[in-house]
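Worksheet: one structure, shown below.
The values are calculated or read from the model by the stated rules, or taken from the named source; none is laboratory data. Please read all numbers here as calculations on a predicted model, not as lab measurements. Ideal geometry is used to build each Cβ from the backbone, glycine not excepted, and the neighbour counts take in all protein chains shown. Only protein heavy atoms, including side chains, enter the accessible area calculation; ligands, DNA and RNA are left aside. Shrake-Rupley method; radii C 1.70, N 1.55, O 1.52, S 1.80 Å.
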Amino acid sequence: MSIDFYNQNASSFYASTVEVDSSSLLEQFTPYLPKGGSVLDAGCGSGRDSKRLIELGFHVDAFDASAALATLAQQLLGKPVRVATFMQFTSTLQYDGIWACASLLHVSKASLPDAFAHLASMLKSGGAFYCSFKYGQGEVERDGRSFTHCDEALLAELLTGSPLVIDKVWLTTDLRVGRENEQWLNAVLLKR
Ligand SMILES: C[S@@+](CC[C@H](N)C(=O)[O-])C[C@H]1O[C@@H](n2cnc3c(N)ncnc32)[C@H](O)[C@@H]1O
């Protein structure tokens, strides 16, 4: 459902997000990475954050379930962006970091533990996993997309039995102009 939305609205979504300044979020994540380390951008959308991570000297692989957005991100990055869902994506690489900015929020609550576990299987031991969700609890459908809202308690519940442990959680407001009253949960998880 959400993937159809992104395919049908790829140009407008790209235009409204590619210039968003996400540096305050990236700055919370990159100190966990070794110099020149590898990052997987999971649900990369426009490719904005992959671009910045590449500029910072990291090796980045990016994928997105929307073929239309993957095409636009590929143009931005000048390198292949795979079309895959979180559960379909596989890699022989073990990454130093996984960046899932506002993307896992489209996975149902029931499927999130498997999505976290599958992505974590491609993360090195000690590696860092950033994720963000709209703040709260509950599953909602809005404008052709489904969202799982998440707060600190739900995140801890979703990670029960997973190799990922919460290292840092913080709240932010939406970075897009006019949406400053929307709250987000941000977290960096570490793989044991
Ligand atoms: C709100 S956008 C965020 C995009 C980008 N990470 C950013 O911060 O601008 C959500 C992204 O997740 C992708 N997505 C949705 N469901 C997905 C899934 N099951 N597997 C992989 N990507 C998915 C969408 O196509 C979209 O690009």
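Values for this structure:
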quantity: Candidates Leu53, Leu25, Leu69 - the one that is more than 9 Å from the ligand (Cβ to nearest atom) and crowded, with 18+ Cβ neighbours inside 10 Å; calculated: Leu53
quantity: Whichever residue in the stretch 10-19 is open to solvent by 30 Å² or more (accessible area, probe 1.4 Å) and touching a residue at least 60 places away in the same chain (Cβ under 8 Å) and, among such residues, is farthest from Thr71 (Cα to Cα); calculated: Ser16
quantity: Whichever residue in the stretch 137-156 is outside any strand (DSSP E or B) and within 16 Å of the ligand (Cβ to nearest atom) and, among such residues, is least open to solvent (accessible area, probe 1.4 Å); calculated: Gly144
quantity: Candidate set from the stretch 56-66 (those that are open to solvent by less than 50 Å² (accessible area, probe 1.4 Å) and more than 20 Å from Val107 (Cβ to Cβ)); member that is farthest from the ligand (Cβ to nearest atom); calculated: Gly57
quantity: Any hit, the stretch 161-169, residues being outside any strand (DSSP E or B) and not polar (S, T, N, Q); calculated: yes
quantity: Among the residues listed as Leu171, Leu159, the single one being among the aliphatic types (A, V, I, L, M) and open to solvent by less than 50 Å² (accessible area, probe 1.4 Å); calculated: Leu159
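Yes/no per residue for (1) among the hydrophobic types (A, V, I, L, M, F, W, C); (2) more than 9 Å from the ligand (Cβ to nearest atom); (3) open to solvent by 40 Å² or more (accessible area, probe 1.4 Å):
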| residue | (1), (2), (3) |
| --- | --- |
| Thr85 | no, no, yes |
| Gln94 | no, yes, yes |
| Ser103 | no, no, no |
| Phe129 | yes, yes, no |
| Pro163 | no, yes, yes |
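This table checks each residue for (1) part of a loop (DSSP other than H, G, I, E, B); (2) touching a strand residue (DSSP E or B) at 6+ places or on another chain (Cβ under 6 Å); (3) among the basic types (Lys, Arg); (4) under 26 Å from Lys168 (Cα atoms).
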{"site": "Gly36", "(1), (2), (3), (4)": "yes, no, no, yes"}
{"site": "Asp41", "(1), (2), (3), (4)": "no, yes, no, yes"}
{"site": "Ala68", "(1), (2), (3), (4)": "no, no, no, no"}
{"site": "Pro113", "(1), (2), (3), (4)": "no, no, no, yes"}
